[in-house]
Amino acid sequence: MTLLRITLLTTLLLAAPAAAQLQITPPATIPSPAKPKETAKEKPKVAPHTITRKKEAAPAPKPSASPSPTLPATVIPAPPTDNSNVDLVFGAYQRGQYKTAFDLASARAKTGDAKAMTMLGELYSNAMGIRRDYAKAIEWYKRASDAGDREAMFALAMLRIAGRGGPVDKGEAVKLMASAAKLGEPRAAYNLALLYLDGQTLPQDVNRSAELLRQAADAGLPEAQYALATFYKEGTGVPKDPDRSVRLLQAASLADNVDAEVEYAIAMFNGAGTPKNQPAAVALLRKASRQGSAIAQNRLAWVLINGMGTSVDKVEGFKWHLVAKTSGKGDPELDKQLADLPADDRAKAEAAAKKWLGNK
């Protein structure tokens, strides 16, 4: 079994109302794309089905947030609670009233409220309404963790892995992550799965990795659904099951996981593991292209230029080819076709690509 390199920086989920993440790339062993109605097999990469002849790997599964040294937060709905005071804390946070959230959480923390403590860790860690202070963030996360809050356990684990607020401590991080996963924290299960797959911090165990990915996928985590789809496609830690792989791709795609959108679109285009629906596949490729997927842009270029599953639109198709090329997804065959395009159409495609790139 060939496994791609894993890059583990950190993924930080914070106290139910927010998640801030750095890149984590689990390996996958999947053949790269080719043109529709063809299959291409080469050394394992990522892409269960194919649209173009060009052999290149789609991106491996990863969390949706981009790496950032400043740990930006993404607001998510507060969990159900009967405590109106806690609702006020989360409400202020979600409205961006971080100073108010800090004051309210500080008052609640004095009563031993673990969620309020985790909120304080979130605010200190991300410099929301107050100056960033990782030492204080760790202090509050630890208090909340000791009180049994799974989000605090995970957040503290990720700070330990990143070495923020103190030295790197992977041993403590793994223990905290395992505790959070046992309590049902899906991102903890997902990241722990990557550690078991990596085989550096923990002994490699693809079966345990698959179990943890299934736990996170069942909880609705799109990144885990996409990663598990690659496992079922290749039989990594689980029996091969192409149909289940596609169902997981569909679920992750519905949750706006861009990598899953690309692969699910390709599966629909070819009718592999799901009914063939080329118009829907093209629409999904358009969506993923607008979201910045160079793989989707290259595939969309092919279908538009050649009128596969949609009407021919060479100007639009070559626009996406040129856009994909700027992201390192060049295509010599499309370059040749572009050179043969009438000068007026070529100029329109180049102008459209320039406009798109300028508006990003």
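Brief remarks follow.
- For the residues LEU285, LEU304, the requirement of being buried (at least 24 other Cβ atoms within 10 Å of the Cβ), farther than 30 Å from ASN207 by Cα and over 20 Å from the mean Cα position of the chain (by Cα) singles out LEU304.
- The residues in the range 316-335 that are in contact (Cβ under 8 Å) with a residue 12 or more places away in the chain, within 21 Å of VAL282 (Cα to Cα) and either in contact with a Leu (Cβ under 6 Å, 6 or more places away or on another chain) or not acidic (Asp, Glu) (or both) can be counted, and the count is 12.
- Inside the range 253-272, residues that are outside any helix (DSSP H, G or I) and crowded, with 22+ Cβ neighbours inside 10 Å make up a count of 1.
- Every residue from the range 309-328 that is surrounded by 14 or more Cβ atoms within 10 Å (Cβ to Cβ) and at positive phi: GLY309
- Candidates ALA155, ALA137 - the one that is out of contact with any strand residue (DSSP E or B) (no Cβ under 9 Å at 6 or more places or on another chain) and in a helix (DSSP H, G or I): ALA137
- Positions within the range 273-284 being in contact (Cβ under 8 Å) with a residue 24 or more places away in the chain and either closer than 14 Å to VAL303 by Cα or not in a loop (DSSP other than H, G, I, E, B) (or both), in sequence order: GLN278, PRO279, ALA281, VAL282, LEU284
- Only listed residue being more than 26 Å from ARG160 (Cα to Cα) and polar (S, T, N, Q), chosen from THR274, THR201: THR274
- Residue pairs whose Cβ atoms lie under 9 Å apart, sitting 6 or more positions apart in sequence or on different chains, and linking a residue in the range 336-353 that is assigned by TED's automatic domain parsing to the domain that holds VAL315 and in contact (Cβ under 8 Å) with a residue 24 or more places away in the chain to a partner that is part of a helix (DSSP H, G or I) and among the hydroxyl-bearing types (Ser, Thr, Tyr), are ALA353/THR326.
- In the condition set (1) closer than 25 Å to GLY328 by Cβ; (2) crowded, with 16+ Cβ neighbours inside 10 Å; (3) not basic (Lys, Arg), GLN291 is compliant with all but (2).
The values are calculated or read from the model by the stated rules, or taken from the named source; none is laboratory data. As the structure is a prediction and not an experimental result, all values here were calculated from the model. Positions of Cβ are generated from backbone atoms using ideal geometry, with glycine treated the same way; all protein chains shown enter the neighbour counts.
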